[in-house]
1. Of the residues in region 3-16, how many are assigned to a strand (DSSP E or B) and either touching a helix residue (DSSP H, G or I) at 6+ places or on another chain (Cβ under 7 Å) or within 17 Å of ALA63 (Cβ to Cβ) (or both)?
2. When you scan region 29-37, do you find a residue that is assigned to a helix (DSSP H, G or I) and modelled with pLDDT under 95, even just one?
3. Note down all Cβ pairs under 7 Å where the first residue falls in region 62-73 and is within 12 Å of ARG10 (Cβ to Cβ), the second is among the acidic types (Asp, Glu) and surrounded by 14 or more Cβ atoms within 10 Å (Cβ to Cβ), and they're at least six residues apart or on different chains.
4. Take region 17-41 and flag every residue that is surrounded by fewer than 19 Cβ atoms within 10 Å (Cβ to Cβ), in contact with a helix residue (DSSP H, G or I) (Cβ under 9 Å, 6 or more places away or on another chain) and over 15 Å from GLN72 (Cβ atoms).
Amino acid sequence: MALEFPNPSRSFDAARNAVRFLGHDGMFQVSFFVEVGALAKSDTALQSTGQSTEASETRCLSAFDALRKSIQDVARKAYSYRRRPSYTLTAADFR
């Protein structure tokens, strides 16, 4: 089966300074984390805070929502290389 994202929910993980979202491959659930630094590449308000903990949860979630399709495309690509239970997507993954 292919990796799908049927659940649009996402959450901010302060400990990882990342946005967490889930994918599903059949009955398997896969966790993804997108670092704030990766989101900041396309969001000028986040660029000013960078990867610091000062980036607000609301701003990070809004940036994720705006970039959802491209984030999911990058997640599918990462998943296609090697299937694991979780992934952390960094700015390097979005080149």
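1. Count: 4.
2. yes
3. Here the result reads ALA63/ASP43, each pair linking region 62-73 to a residue that is among the acidic types (Asp, Glu) and surrounded by 14 or more Cβ atoms within 10 Å (Cβ to Cβ).
4. ASN17, LYS41
The values are calculated or read from the model by the stated rules, or taken from the named source; none is laboratory data. None of the values given here were measured: they were computed from a predicted structure. Quick reminder, even Gly has a Cβ in these numbers, built from the backbone with ideal geometry, and neighbours come from all protein chains shown.
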